[in-house]
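K.L.:
Structure provided below as structure tokens; questions to follow.
The values are calculated or read from the model by the stated rules, or taken from the named source; none is laboratory data. Here the structure is a predicted model, which is why all the values come from computation and not from measurement. Methodologically, a virtual Cβ is constructed for each residue, glycine included, from the backbone with ideal geometry; neighbour enumeration extends over all protein chains shown. These accessible areas exclude ligands, DNA and RNA; they are computed on the full protein's heavy atoms, side chains included. Shrake-Rupley method; radii C 1.70, N 1.55, O 1.52, S 1.80 Å.
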Amino acid sequence: MDAYDVIIIGTGAGGGTLARHLAPSGKRILLLERGDWLPREPQNWLAQDVFVENRYVSEDTWYDADGNPFQPQIHYFVGGATKLYGAALYRLREKDFGELRHHDGISPAWPISYDDLEPYYTQAEQMYQVHGARGEDPTEPPASAPYPYPAVSHEPRIQQLADQLAAAGHQPFHAPCGILLDEPNMPYSTCVRCANCDGFPCPVHAKADAEVLGVRPALEHDNVTLLTNAKAVKLETNPAGSAVTGVAVEHNGATETYAGDLVVVACGAANTARLLLESASDKHPNGLANGSDQVGRNFMYHDSVAVLALSREENPTVYQKTLGLNDFYFGSDEFEYPMGNLQMVGKSQSPMFRGEKPGETKLAPGWTLEKVARHAIDFWLSTEDLPRSDNRVSLDGDGNFTISYTETNAEAKKQLYNKLRSLLGDLDMNPGHLFHRFMYMKTEIPVAGCAHQAGTCRFGHDPATSALDVNCKAHELDNLYAVDTSIFPSIGAVNPALTAMANSLRVGDHLLERMA
Ligand SMILES: Cc1cc2nc3c(=O)[nH]c(=O)nc-3n(C[C@H](O)[C@H](O)[C@H](O)COP(=O)(O)OP(=O)(O)OC[C@H]3O[C@@H](n4cnc5c(N)ncnc54)[C@H](O)[C@@H]3O)c2cc1C
Ligand code: SF4
């Protein structure tokens with residue numbers, strides 16, 4: 001059996017970041033990734049292939065609580081979900097780390113404070129080359145350094161939107177973007193500023209993803225080995241059940257076992273829980289790290305809403321994801337509870353829409369899908385999803401993997417939507433024309449859109465209510481860690497990847513100390 005100092009399972013935001021952080025230590029590191037390299041091919045940028053034919057979506061079948069099968073929108077590649085992500089790289093707000101009262105209940109505190117994570121947010125912003133502007137967003141937490149790169153500029157229609165929002169008394173800001181764009185020097189810029197970024201892979205490797213800025217730099221070190229198409233299927237322990245001794249991996253049609261002094265799981269929230277549950281043994285009959293029955297519970301996923309408003313003028317914006325608005329993040333005069341974050345999402349393109357005619361009857365005849373897409377200004381509304389014990393992933397006796405989920409904070413989500421609608425008149429858009437994008441895309445099972453999945457193995461001080469301790473080590477095992485979004489005790493309302501990256505760097509420092 002090959003032996004390593006550290007085995008990292010999964011190469012996304014959590015695992016890829018950790019690999020790069022640990023690589024210079026010279027320790028023997030094995031990276032296990034169930035997927036392959038994402039092929040660089042023309043289809044990377046084709047909306048039909050990516051959005052309609054789901055070219056880069058896993059073929060997994062999962063089940064909802066009623067036993068309905070669905071195909072989760074999940075991506076198995078080197079770099080994980082970050083290969084397809086929108087690279088909006090936000091910090092959680094300072095208050096997100098404390099207990100916060102929401103319309104539907106309490107968002108629990110993290111066991112660490114914002115100040116504990118702040119230095120790592122700064123490092124993560126540097127590693128992932130975040131472009132942004134401090135001081136514009138009133139909810140922005142304090143930062144010890146400026147963004148490493150200037151904000152991505154707004155294109156004219158989005159600048160107009162920013163000006164109109166400001167004129168109406170709001171505080172729009174330049175969204176933090178992880179794209180390798182060098183606007184003053186475009187001939188040398190890696191990013192070409194295209195329309196096919198959010199939800200697409202980037203064939204020119206200009207997206208700040210965990211393959212490009214995590215795994216590849218890590219592999220420049222001889223002490224790091226990557227095994228692709230290597231799916232971890234079980235973690236084996238010593239007879240006492242106190243430490244992981246082997247990682248069983250399906251690789252090239254055979255099962256191989258690898259040993260590591262430290263084992264870090266970073267398979268994404270749902271799959272991390274799954275691996276721990278699948279690793280049940282005599283000593284751990286409910287799965288590893290699961291003595292308190294917390295593994296799999298508190299699944300959260302930002303049941304976000306993508307909406308499109310129809311601009312009176314055409315919207316020729318190419319790269320639309322440059323603006324955010326957090327004025328209602330913690331509530332408003334009319335609604336005292338947190339509502340969430342409003343940001344732009346990649347521009348609608350008609351090939352993204354399934355079907356041939358707009359499904360919305362309020363539109364006058366003559367509105368084709370092409371016309372809808374030309375006039376669309378696309379927003380992404382995220383309200384915090386609260387951790388509920390019964391919102392969980394689980395395995396049945398036949399190995400079927402189920403997500404049981406009941407929506408939380410629906411009222412806050414509705415308030416945020418209505419707020420946006422009430423703004424449209426000031427923004428040169430028709431308030432009667434704000435549509436859910438899924439009306440066009442026809443997503444059948446909302447929980448399948450688990451892009452922002454989190455929770456399932458939360459970290460905390462108390463082994464009775466958490467799976468992992470403050471260093472993200474399993475309370476019940478000496479050498480088992482997790483560093484992906486599974487560790488989140490609460491998810492906030494901003495995009496989760498930067499927080500997973502920052503936490504990986506924090507845990508990485510602990511691992512380096514432990515191995516010194
Ligand atoms: C379309 C889309 C847009 C998004 N946009 C944004 C955004 O703009 N901003 C943002 O912050 N977040 C965004 N996200 C979410 C973000 O990508 C995730 O929060 C983040 O990648 C989660 O990191 P992770 O390490 O938990 O999991 P992942 O990045 O998913 O990594 C998990 C890895 O583990 C591998 N794996 C799983 N099981 C096994 C196994 N058994 N053995 C070996 N390997 C395994 C997977 O193949 C994968 O590579 C988006 C996601 C999607 C899908
Ligand atoms: S906008 Fe830049 S980073 Fe995004 S896909 Fe296009 S070239 Fe790649």
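K.L.:
Return the aspartates and glutamates within reach of Lys207: Cα separation strictly under 15 angstrom, same-chain partners fewer than 8 residues apart disregarded; answer none if there are no such residues.
P.N.:
Glu125, Asp182, Glu183, Asp198
K.L.:
When the accessible area of the chain is computed with all protein chains present and a 1.4 Å probe, what percentage of it is carbon and sulfur?
P.N.:
Numbers: 9250 of 19250 Å².
Carbon with sulfur: 48 percent of the solvent-accessible area.
K.L.:
Also, quick follow-up: If R₀ is 25 angstrom, what is the calculated FRET efficiency for the pair Glu94 and Thr465, using the beta carbon separation as r and rounding to 0.05? Intermediate values should be presented prior to the final figure.
P.N.:
Details: r = 23 Å, r/R0 = 0.93.
Calculated transfer efficiency: 0.60.
K.L.:
Another question about this same structure. In deg cm²/dmol and to the nearest 500, what is the mean residue ellipticity at 222 nm of the chain if only DSSP H runs of at least 4 residues count, each as -39500 (n - 2.57), divided by the residue total?
P.N.:
On the way: 9 runs with 94 residues, N = 516.
Calculated mean residue ellipticity at 222 nm is -5500 deg cm²/dmol.
K.L.:
Still on this structure, please answer the following. For Ser382, Ser292, give the ranking by accessible area with the largest first, probe 1.4 Å. List each step's numbers first, then the result.
P.N.:
Numbers: Ser382 0, Ser292 30 Å².
Order by accessible area, largest first: Ser292, Ser382.
K.L.:
Also: Before I look further, what does the stretch 390-516 give for accessible area per residue, probe 1.4 Å, in whole square angstrom? Don't skip to the answer; put the middle values down first.
P.N.:
Details: 4370 Å² over 127 residues.
Accessible surface, normalised per residue, equals 34 Å².
K.L.:
Can you give me the solvent accessible area of Met352 with a 1.4 Å probe, rounded to the nearest 10 Å²?
P.N.:
10
K.L.:
Once both labels are modelled 7 Å past Cα along the beta-carbon direction, what's the Asp509-Ala243 spacing in nm?
P.N.:
Going from the Asp509 label point to the Ala243 one covers 2.6 nm.
K.L.:
A follow-up question, please. Using only the alpha carbons of the chain, what is the convex hull's orientation-averaged projected area in square nanometres?
P.N.:
Numbers: hull surface 92.0 nm².
Here the figure is 23.0 nm², rounded to one decimal.
K.L.:
On to the next question. Let me check I've understood the local charge: for Gly397, count other residues with C-beta under 15 angstrom from its C-beta, Lys and Arg +1, Asp and Glu -1. What total comes out?
P.N.:
Details: positive: Arg274; negative: Glu278, Asp396, Asp398.
Computed value for this residue: -2.
K.L.:
Let me ask something else about it. Ratio to report: Rg/Rh of the stretch 205-271, with Cα atoms as the point set and Rh obtained by the Kirkwood method; give two decimals. Walk me through the numbers on the way to the answer.
P.N.:
On the way: Rg = 14.3 Å, Rh = 14.0 Å.
Reported Rg/Rh (Cα atoms, Kirkwood Rh): 1.03.
K.L.:
Give the ranking of Ser394, Ser279 by solvent-accessible surface, highest area first, calculated with a 1.4 Å probe.
P.N.:
Details: Ser394 30, Ser279 0 Å².
Largest to smallest exposure gives the sequence Ser394, Ser279.
K.L.:
Can you tell me what share of the DSSP beta bridges in the chain is antiparallel? A percent to the nearest 5 is fine.
P.N.:
Antiparallel bridges: around 65 percent, rounded to the nearest 5.
K.L.:
Now, a different point. Report the full-extension gain for the segment Thr190 to Ser113: residue separation times 0.36 nm, less the Cα-Cα distance, to one decimal in nm. Intermediate values should be presented prior to the final figure.
P.N.:
Values: separation 77, 0.36 × 77 = 27.72 nm, distance 3.58 nm.
Taking 0.36 nm per residue and subtracting the Cα distance, the gain is 24.1 nm.
K.L.:
Which helices of the chain meet both criteria: a Cα extent of 24 Å or more along the helical axis and a mean Kyte-Doolittle score no lower than -0.5, with helices taken as whole DSSP H segments? If you can, show how the numbers build up before the last one.
P.N.:
Values: long enough: 497-515 (26 Å, 0.21).
Sorted by number, the helices that extend far enough and score high enough are 497-515.
K.L.:
Now for a separate question. Leaving ligands, DNA and RNA out of it, work out the accessible area of Arg20 with a 1.4 Å probe and give it in Å² to the nearest 10.
P.N.:
Estimated to the nearest 10 Å², Arg20 gives 80 Å².
K.L.:
Here's another thing I want to ask about it. If you rank Asp182, Asp385, Asp478 by how much accessible surface each has, with a 1.4 Å probe, what is the order from largest down? Please list the in-between numbers first.
P.N.:
Working: Asp182 60, Asp385 5, Asp478 85 Å².
The ranking, largest first, comes out as Asp478, Asp182, Asp385.
K.L.:
Further, regarding this structure: Please check which bits of the stretch 212-250 a label hung off Asp478 would reach, taking the label as a point 7 Å along Cα-to-C-beta and the cut-off as backbone N under 14 Å.
P.N.:
Residues 237-246 qualify, since their backbone N sits under 14 Å from the label point.
K.L.:
Here is a further query. Where only protein heavy atoms count, and the probe is 1.4 Å, what is the accessible area per residue for the stretch 250-347 in Å²? Walk me through the intermediate numbers first.
P.N.:
Numbers: 3200 Å² over 98 residues.
Accessible surface, normalised per residue, equals 33 Å².
K.L.:
Note down the accessible area of Leu219, probe 1.4 Å, to the nearest 10 Å².
P.N.:
Using a 1.4 Å probe on the heavy atoms, I get roughly 60 Å².
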